[in-house]
Every structure is written in C-alpha cells, then in structure tokens.
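Accompanying notes for the structure given below.
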C-alpha cells in the first residue's frame, strides 16, 4: 500500500488490521515528497512501478512510462518508533526542522510544548515530517525513527 494521504488526520496504514501489532498484515508507506510538488507524483509512480516489477507482478517493459530513467539513489530504511503529539497550542520546535534530520545523542531537546521539553529518546534519532500546520492538542507534530539499514 502506498499511503498517499490520510483521513481525519490519521494515516491510512493505521486503520484496521494494519494498525494492529498482533495482525500478520503489513503496510508500506513511501514518502514521495511534499503533497503540492509535481515531482512527488513522478516519485510515487516510479516507486510503485519498481515495486510491481521487483515483486514479479508486472514486467519492466510494461512499466517504462512510469519509471524514472536515472538509477535511484541508495535508500535508507527507517523504522518509525513513535508519533509525537502536541499537548498545547504553543508547541515550538527547537530548530527549523524540515524532516529527516538525524540527531546524534539521546536527550537532545527538539521542541518545547508549553512547560514540557520534548527530547530524543535514543541516539541517532531521525525526525520525520515535523509540522505545526495543524497544531492542536492531540495532533501529531512529528514522528521519530531509527535508521535500520541502507540498500
């Protein structure tokens, strides 16, 4: 599943059995870029085409119109470990995070939410999709992830 959107602020992969840790079902999220970027469409089509080809579902010759011709850059695999939710309407990031910043040390302050300091829970913590666009109590303002591997 390429999760290109969300409903009611909840990512589609969080619904039904995909959000149940006891379920054998799995979902794949591919971040293709900013929703408003035309390039995001091209990245999404390329990723879907390469997935279909790699799994043997569709031959590469049938997918050439959807695949980028340049060889993709080496990818990093991130495991999202937690979503960070706002408690207040005054949450502020400690820096101008844009996403995919790697914070080397556990305990580094990454945001202030009222009187609460939000800190990295482990070394080499990656900040994923930081945003205050829909700030409000209970709203996800970023996710934290670990780097698992490179391809």
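Read the figures in this text as sums done on the coordinates, not as results from a lab. All values reported here derive from a predicted model rather than from experimental measurement. Please note: Cβ atoms are built from the backbone with ideal geometry, for glycine as well, and neighbour counts cover all protein chains shown.
Looking at the P(r) of the chain, how many percent of alpha-carbon pairs lie beyond 24 Å? Could the numbers behind the result be given before it?
Numbers: 4962 of 11325 pairs.
Of all Cα-Cα pairs in the chain, 44 percent lie more than 24 Å apart.
Over the C-alpha trace of the range 76-150, radius of gyration and Dmax come out as 11.8, 38 angstrom. Computed from the C-beta positions of residue 135 and residue 17, the FRET efficiency with R₀ = 35 Å rounds to 0.70. As a length-normalised measure over Cα pairs under 8 Å and 6 or more apart, the relative contact order of the range 76-150 settles at 44 percent.
Cut-off 13 Å, label point 7 angstrom out along Cα-to-Cβ of residue 87: give me the residues of the range 128-151 whose amide nitrogen falls inside. Once the point is set 7 Å along Cα→Cβ of residue 87, 137-138 turn out to lie under 13 Å by backbone N, inside the range 128-151. Each label was represented as a point 7 Å from its Cα along the Cα-to-Cβ direction; for residue 95 and residue 35 these points are 2.7 nm apart.
With angles folded into 0 to 90 degrees, how steeply does helix 38-54 sit against the dominant principal axis of the chain? Use alpha carbons for both and round to 10. Helix 38-54 and the main axis of the chain meet at about 60 degrees.
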